[in-house]
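Everything on this sheet refers to the single structure shown next.
The values are calculated or read from the model by the stated rules, or taken from the named source; none is laboratory data. All figures in this text were calculated on a predicted structure; none of them were measured in a lab. Glycine also receives a Cβ, built like all others from the backbone with ideal geometry; neighbour counts cover every protein chain displayed.
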Amino acid sequence: MYDRQVRRRRAILFALVACCLVLITAYFGESSGGPLKSVQTGAMEVLAPIQEGANKALKPLRDLFGWFGDTWDAKDERDALRKERDQLLAEVTKLQGADAENDELRGLLEYSQNASLDAYAPVTAQVYSRSYSTWYSTIEINKGSSDGVRPDQPVINDVGLVGKVKSVSDGNAVVMLLSDADFGVSARALNADQPGIALPITGSRNELLFDLVPQAKKVREGDRIVTAGTITNDLPSPFPPDILIGTVRKVQGEGELERQIHVKPAADLRSLDFVRVLTKPAADSLASTTP
Amino acid sequence: MTTTWNAGAVARLFALGLAGGILQLTTVSQITVLGVPADLAPLLAASVGLLLGSVPGACFGFGLGLLMDTALAQTLGITSLVLLTAGYGAGRLRELRDPAHALVPVAVGAAATAVVMLGFTVMQFLLGVDAPVSVLLVRQIVLTIVLNTLLALPVYLVCRRVLAPLLPDDPRRRRRRAYTTGGLSPLSRA
C-alpha cells in the first residue's frame with residue numbers, strides 16, 4: 001500500500017515536471033502565431049475581464065497602501081523641493097528677460113508637438129494589470145487589435161515613453177515597459193547631441209542605462225534623453241523621434257569605456273493608469289530630421 | 001487522515017489559486033516596500049503543500065504558475081516548474097516531519113520564496129537572458145524573501161481557513177482530544 005502511494009506520488013511529480021519542460025521547449029520553439037501562443041492569447045482574453053474588474057474593485061486598497069508610502073516619502077521630498085525652489089527662484093530672475101521670446105517659441109513647440117502626436121494616431125488605453133517579476137516588466141491594457149494596436153508600436157504617457165506593445169489580442173494588449181530585460185531603444189542626448197541606446201538595468205525598475213555613446217564624456221547630469229527615431233530608411237525604427245525617455249541622473253566612471261550613464265525615466269513606470277499607443281509610429285519617418 | 005478528493009475540494013483549490021493570482025496581479029504587485037513588491041504565489045503554493053501534502057502542493061503550484069505565465073504573457077512552464085517545486089517541497093516536509101511549531105509556515109514561506117526566486121533567476125539565465133548578476137538583482141531577491149517572510153503567516157492562516165474542510169485532523173487538536181477524553185495515551189485505554 002505504501003509502495004503504491006510512493007509510486008503514485010513520484011509518477012505525478014514526474015508528469016508535472018515533464019509537462020513543464022515540454023511547455024518551455026515548445027514555447028521557445030514556436031513562432032509568434034504558434035498554437036501555444038494562440039492558446040495563451042485566448043486565455044488572456046478570458047482572464048482580462050476578471051482582472052479588469054478586480055483591478056477596479058481593489059483600487060481603494062492600493063490607494064490606501066499608496067497613501068502610507070507617499071506619507072513616508074513626503075518629508076524627504078519636501079526638503080528636496082525646498083532646495084529646488086531656491087535654485088529655481090534664482091533662475092527665474094535670469095529668465096524673465098527672455099520671457100516674451102520664450103512664450104512665442106513654446107507656442108510653436110506645443111503646436112508642432114500636438115500636430116505630430118495626432119499624426120501618430122494615438123489610442124488612449126487603461127492599464128488593468130501589471131507584472132511584478134524582476135525579469136518581465138509588463139502591463140496589460142484594455143485596447144487591442146480591434147483598436148488598431150499592433151506589436152512593436154510605441155507606448156507613451158503624458159510625460160514620455162513608457163514602452164512598446166509586446167503582444168496583442170482582440171480587445172487587449174501586453175506592453176513591454178522600458179525596464180523589461182528585453183527592452184532597448186535607440187536614443188540621443190539632446191544637449192550633448194550624442195546618439196546611443198537606452199537599456200534597462202536588471203533589478204532596477206526606476207533606472208535605465210544610456211549605453212554605446214560615442215562621446216560619453218559630453219553627456220552631463222540633467223541632459224534629456226529622447227528617442228532617436230529612424231536614422232536610415234534601411235532600418236526603420238518603430239519609435240518616432242524626440243519622444244522624451246528620461247533625464248540623466250548620474251554619470252559614473254572616469255574613462256570613456258567604463259563610463260556609465262544612468263537615466264531616470266520620465267514616466268513613473270510603477271504607477272501607470274492610462275497610456276497612449278501610437279498606432280501610426282512611422283507617420284513621419286520620411287520627414288524625420290533626426291541627425 | 002487523508003483528504004477526500006472530490007469536485008468540491010478541487011473547486012476550493014481552484015478558487016484559492018484564481019483569487020490569489022488575481023490579487024497578486026492587480027494589487028500586491030503595485031504595493032512596493034523599498035522598491036520591491038511581495039510575491040504571493042510561492043507562499044500560496046507552500047501553504048497548500050504544508051496543509052494538504054506534496055501531490056496537492058505540486059499540482060496547485062503547477063496550476064498557479066500556468067495562470068501567472070498566461071496572464072502575464074510570459075514563457076509558459078517556467079513559473080509552473082518553480083512553484084511546483086515549492087509546493088512539493090513543503091508537502092514533503094509535512095509528510096516526513098509533520099512539524100507542529102506555530103512558526104513553521106514562516107520558515108517554509110521564506111524557503112519557498114528563496115527557491116522560487118533563485119529558481120526563476122537560474123531558469124532565465126539558462127534560457128539566455130543577457131543580464132549581469134548585479135547587486136540590484138541580489139537586493140531585489142533578498143528584499144522579496146524578507147517581505148514574503150513577513151506575509152507568510154497571514155497567507156498560511158487564510159489558506160488554512162479556506163481549505164479547512166479538506167484538512168485531515170490537526171496533530172494539536174488530536175493531542176487535546178486525547179487529554180480531554182480521559183486517556184493520556186491509547187495504551188491507557190487498553
Review point. Among the residues of segment B:103-156 satisfying the criterion of being over 14 Å from the mean Cα position of the chain (by Cα) and of a type in the set (G, A, S), which is nearest to A:L199 (Cα to Cα)?
Key: B:A131
Study note, to complete from the structure: Every listed condition ((1) farther than 29 Å from A:V251 by Cα; (2) within 13 Å of the chain's Cα centre (by Cα)) holds for A:V149 save (2)
Review point. When segment A:156-196 is examined, which residues are found to be more than 16 Å from A:T279 (Cβ to Cβ), away from chain B (no Cβ under 12 Å), touching a Gly at 6+ places or on another chain (Cβ under 9 Å) and not in a strand (DSSP E or B)?
Key: A:G160, A:L178, A:N191
Practice item. Considering every residue within segment B:131-143, establish whether at least one is modelled with pLDDT under 90, loosely packed, with under 11 Cβ neighbours inside 10 Å, farther than 22 Å from B:A19 by Cβ and of a type in the set (S, T, Y). Key: no
Point to revise | Residues of segment A:197-213 satisfying the condition of being among the small types (G, A, S), within 13 Å of chain B (Cβ to nearest Cβ) and in contact (Cβ under 8 Å) with a residue 60 or more places away in the chain | key: A:G203
Practice item. Name the single residue, out of those in segment B:23-36 being within 16 Å of A:Q51 (Cβ to Cβ) and without any contact (Cβ under 8 Å) to a residue 40 or more places away in the chain, that is surrounded by the fewest Cβ atoms within 10 Å (Cβ to Cβ). Key: B:L23
**Study point:** Residues located in segment A:228-248, provided they are at pLDDT 85 or above and of a type in the set (V, I, T)
**Key:** A:I243, A:I245, A:T247, A:V248
Exercise for review: Please go through segment A:197-256 and pick out each residue that is touching a helix residue (DSSP H, G or I) at 6+ places or on another chain (Cβ under 7 Å), within 30 Å of B:I141 (Cα to Cα) and not small (G, A, S).
Suggested key: A:I201, A:T202
Point to revise | Matching option when the condition is touching a Pro at 6+ places or on another chain (Cβ under 9 Å) and either among the basic types (K, R) or farther than 17 Å from B:L72 by Cα (or both), among A:A11, A:A15, A:A26, A:A57 | key: A:A26
Check your understanding: For segment A:249-263, which residues satisfy the criterion of being at pLDDT 80 or above and either crowded, with 21+ Cβ neighbours inside 10 Å or out of contact with any strand residue (DSSP E or B) (no Cβ under 7 Å at 6 or more places or on another chain) (or both)?
Key -> A:I261, A:V263
Check your understanding: When both residues are 6+ apart or on different chains and their Cβ atoms are under 9 Å apart, which pairs have a first residue that lies in segment A:34-54 and is within 7 Å of another protein chain (Cβ to nearest Cβ), and a second that is surrounded by 13 or more Cβ atoms within 10 Å (Cβ to Cβ) and of a type in the set (D, E, K, R)?
Key -> A:L36/A:E30; A:Q40/B:D69; A:M44/A:E140; A:Q51/A:E140
Check your understanding: Mind checking whether some residue in segment B:167-185 is at pLDDT below 95, surrounded by 18 or more Cβ atoms within 10 Å (Cβ to Cβ) and either more than 12 Å from every other protein chain (Cβ to nearest Cβ) or under 25 Å from A:C20 (Cα atoms) (or both)?
Key -> no
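Would you mention how many residues in segment A:23-41 are surrounded by 13 or more Cβ atoms within 10 Å (Cβ to Cβ) and assigned to a helix (DSSP H, G or I)? Give the steps one after another, and end with the answer.
Taking segment A:23-41 first, the residues surrounded by 13 or more Cβ atoms within 10 Å (Cβ to Cβ) are A:23-24, A:26-28, A:30, A:34, A:36-38, A:40-41.
Next, only the ones that are assigned to a helix (DSSP H, G or I) stay: A:23-24, A:26-28, A:36-38, A:40-41.
Looking only at that region, the number is 10.
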**Study point:** Hey, A:T93 over 30 Å from B:L127 (Cα atoms) and either surrounded by 11 or more Cβ atoms within 10 Å (Cβ to Cβ) or at pLDDT below 75 (or both) or not
**Key:** yes
Exercise for review: Return a yes/no flag: does segment B:148-164 have any residue that is surrounded by 15 or more Cβ atoms within 10 Å (Cβ to Cβ), in a loop (DSSP other than H, G, I, E, B), of a type outside the set (K, R) and at pLDDT below 95.
Suggested key: yes
